[in-house]
Structure formats: C-alpha cells, structure tokens
Amino acid sequence: MEELLDISNLLIDNTKIDFKRYLYEKIDWGERLIGIKGARGTGKTTLVFQYLKEKKLEGVQVSYFSLDELFFLSNNLLDTVKRFYQSGGKIVALDEVHKYPTWSKEIKNLYDRYPDLQIVFTGSSIVDISKEEGDLSRRAVMYELHGLSYREFLKLYHDQDLPVITLDQILDPDANIRTLLPKEFKPLRYFPDYLKTGYYPFSGSNEEMYFKKLRQLIRTIVEYDMAEIRGFDIRNGKKILQLLYIIAQQVPFKPNVSALAEKTQIHRNSMGSYMLYLAEARLIDLQYPVGISVATLQKPEKIFLNNTNYLYALSEVKPEIGTVRETFFNSIIKVDHRVNFSKTVDFLVDNQFNFEIGGKGKSTKQATANSTWIVKDDIEFPTGQSLPLWIFGFLY
C-alpha cells in the first residue's frame, strides 16, 4: 500500500498542467463518481493526473491506483481504498478498471460506503457500464475522450491558443469566422502534419517512428484491451488484425461481407460482431442510415477508419486524398454530433445538415440555401455554401 502511494505521489507531482485536453473543461468535477473512457493513447491518464495535481495543490489528499498493477492480483480493491480513506483520503483515481474483474461491483460498494469520497475511474472505450454487475449507470457520470482535434494539435505543438468554433457558428452565414482568429493565423500551414501524425498526443518529429508506435498501439488494443469485450475470443486476435488491415486498404467503402469473410477466414455470420468489436475499440467507425441501431448487428452502409493517422500508418500506399478528407471529417464531427449514412450526400449530420466533401474545385451545384454545404480542402475561409475542411478541426 505504501509503495502504491509513493508511486502515486511521484506520478502526480511530475505531471504538467500547462496543456489540458478539451474534455477537462467539460467534466463536472463536482460529481462523486466520474467515469472517463476512451481508446488507448488518447490521454485519459494524464487528464486524471492533472485533476489530482490541482486538488493536491489545494491541500486535498488524493491518490492514483492503476488496476493492472501486480499488487491487485493478490490485494482487494475495496480494502486498499478503505485504508486510503481511513488515512484521510478524499479523492481516489482508479485507472484501467477494465483489467480488474469485479471493478464495477467494488466501485459501487465504495460509492455507497463512503459518501464523502470522490471516485474517478478510467477505462477502455469498450467499457459499457450499463452491462456491468454493479449497476453504475445510475451513479456514474460518464465521459469519452477522443484524440486531439486540429485546434488542440496547434496548441500542444505550435503554441497557438485558438478558440473552439461550434457547428452553429460554422454554418451561420452571418458569422465572420476570420474575426474569431488572429490576423496572422495561417489555417492550412500545419493541417497536412495533423492529418498524418497529429491525432494522438505522442506526436514527434520522426514520422516513421510515430507510425511504428501507432501500429504497436493498434496491436495492443486488439490483443490486450479487446480481450475484455464479452463474446470476443482472443484467439481470433490475428484474424481481427487481418480484417482491420484489409479494411484500411479500402475505406471508406460499403462492406462486402462475403468477400471479407473469404479473405480473413472469419465466418460470414460472425463478421457483423467482429466489425462491431473493432468499432467499440475505436479502430473503425460504422455508418448506418437514420433509424438503424448499431446493436442490431445489421451490416453497416459504410466503414471508416477511426482517424486519418491510421490511414497513413496502415495503408500499403499513400492514401487517396478523398479518403483522407472524408475520414477527417467523420472522425471530428462524430465527437459531439450524430452522423448517418445518406444516399444523396457524403454525410448527414444530426438528421438535418448535409455535407459534401472535396477539394477546392468541388462543384457547388448540390448546395441549396439551407440544406447542403460543400466542405472543401485547400481553402482558408468560408465563402457562401463552401466551408473549409480544416475548420471542423476546431469543433473541440
């Protein structure tokens, strides 16, 4: 126990708080039970450390426990937190909860036993508390952390502190976007860098090393995190990686289930479940028409990789620019908006906004006064119904 607390203090004290992810300001830190989930590598642990550091600086007794520590193979979470609480602890952060078999039940017990103890827990994007034994769905306030936006990338790596621009502002014909940004701001200067190596907060100057880290991250998600998905047989991890690799060469596309089953040796009847596993792990994104629930396991109309960095890391050849554009738009817009498949346009957002994605030469014939916008790469600012692609990277 003492060693765990020493490790906790060391990690918290060495945490930097000069850059915080978008989610930090959205979380209601006054809640007693807070859950933060998200794909591996997005920065959940750092975000929690930052909160603990700020509270520790205020004089609050805090601690961090990672539940994949060897300590918890022979020690009980309930007893560990009880000892911390009895010594005056007020806030405990529990990381990697999905690696501890009875996490939801024990967190529920801690919540009920110690009403003045705040619990913050983090887990993989595969965590679904509505399906856990502890019935945390009525107690915990859940949040999901996504990868860096273009705006965050500019702040983290280029020290440009720029505002969030909402979808309403982007679509408002009377909004002058230029006035929201510094006069010297060049929106396209670093955009290609972001599309290649900017989605995760471990970017660096060595592009090939970044892609190597990303491929390693993907393998870890499949072979380590996805083992916690109910119904997933880890012995099929190799087939899952093969399926992801095949998808990466074709996205965005309407899946041919029979062809995918033949190439991967995954049974056709299991293909829907496997694609759903990849989506739950935030490796791919599945697009359905309005009114179709993902839970039905119906074949998706369209498949995307989760973000553009995956395209560059997994594709055998340089990704098609049209694929990069659509993947970027999808990865950003889905964070706070509902995206559905449409037969007439590239994207239907919130069941009311239509978007066509293309280069600066993209025709505006499809645009009408209030329903369709043409999103163009390589333009700096909005003009009529034409919107710059980069600006959607400022949604969060």
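Starting from the amide H of residue 95, placed 1.01 Å from N in the peptide plane, find each other amide H under 5 Å away whose residue is 5 or more places distant or on another chain.
Under 5 Å from the amide H of residue 95: 65, 66, 67, 122.
Relative contact order for the chain: what is it in percent, counting Cα pairs under 8 Å that are at least 6 residues apart?
Answer for the chain is 14 percent.
Say a paramagnetic label sat at a point 7 Å from the Cα of residue 79, along Cα to Cβ; which residues of segment 1-33 have their backbone N under 15 Å from it?
1-2
For segment 25-67 and segment 223-263, write down the distance between their C-alpha centroids in whole Å.
Each part's Cα centre sits 33 Å from the other's.
Quick one: angle between helix 271-280 and the longest Cα principal axis of the chain, in degrees between 0 and 90, rounded to 10, please.
Roughly 70 degrees, rounded to the nearest 10.
Please determine, in degrees from 0 to 90 and to the nearest 10, the orientation of helix 321-333 with respect to the longest principal axis defined by the Cα atoms of the chain, where the helix direction is its Cα long axis.
50
Which pairs in the list 254/318; 16/155; 26/82; 82/105; 186/362; 37/99 are over 18 Å apart, alpha-carbon to alpha-carbon?
254/318; 26/82; 186/362
Treating the Cα atoms of segment 150-394 as identical point scatterers in vacuum, please give the log10 of the normalised Debye intensity I(q)/I(0) at q = 0.11, 0.13 Å⁻¹, two decimals.
For segment 150-394 at q = 0.11, 0.13 Å⁻¹, log10 I(q)/I(0) is -0.62, -0.85.
State the extension gain, in nm to one decimal, for the chain segment bounded by residue 207 and residue 360, taking 0.36 nm per residue of separation less the distance between their alpha-carbons. Write down the numbers at each step before the final one.
Details: separation 153, 0.36 × 153 = 55.08 nm, distance 2.71 nm.
So the extension gain works out to 52.4 nm.
Based on the mean of other beta carbon atoms within 10 Å per residue, what is the order of 118-125, 375-382, 358-365, most packed first?
Sorting 118-125, 375-382, 358-365 by mean packing, highest first, produces 118-125, 375-382, 358-365.
Compute from the Cα atoms of segment 2-145 the Rg and the Dmax, the latter being the longest Cα-Cα distance, and quote both in angstrom.
Expressed in Å, the Cα Rg and Dmax of segment 2-145 come to 13.9, 38.
Of 317, 164, 222, which is the most mobile in a GNM of the chain whose springs link Cα atoms less than 10 angstrom apart?
317
If I model a spin label as a point 7 Å beyond the Cα along the Cα-Cβ vector, how far apart are those points for residue 156 and residue 338 in nm?
Here the answer is 3.0 nm between the modelled labels.
Mind checking which aspartates and glutamates have their C-alpha under 13 Å from residue 299, skipping anything on the same chain fewer than 8 residues away?
Filter leaves 285.
Which aspartates and glutamates, if any, have their Cα less than 19 Å from the Cα of residue 213, not counting same-chain residues under 8 positions apart?
193, 223, 225, 316
For helix 2-13, what angle does its Cα long axis make with the longest principal axis of the chain, in degrees from 0 to 90 and rounded to 10?
Approximately 40 degrees, to the nearest ten.
Determine the gain in length on full extension of the stretch residue 27-residue 188; use 0.36 nm per residue of separation and subtract their C-alpha separation, reporting nm with one decimal. Before the final figure, lay out each step's value.
On the way: separation 161, 0.36 × 161 = 57.96 nm, distance 3.07 nm.
In short, 54.9 nm is gained.
Run lengths n ≥ 4 of DSSP H only: what is the helix-derived mean residue ellipticity at 222 nm for the chain, with -39500 (n - 2.57) per run over all residues, to the nearest 500?
Theoretical 222 nm ellipticity from helices: -10000 deg cm²/dmol.
Peptides 189-200, 86-97: what's the order by average Cβ count within 10 Å, highest mean first? Numbers along the way, then the final one.
On the way: 189-200: 20.2, 86-97: 18.5.
By packing density, highest mean first, the sequence is 189-200, 86-97.
Computed from the coordinates by the stated procedures, all read-outs in this text should not be read as laboratory data. Treat the numbers as computed from the prediction; the structure is a model and nothing was measured. Note: ideal-geometry Cβ built from the backbone for every residue, glycine included; neighbour counts use all protein chains shown.
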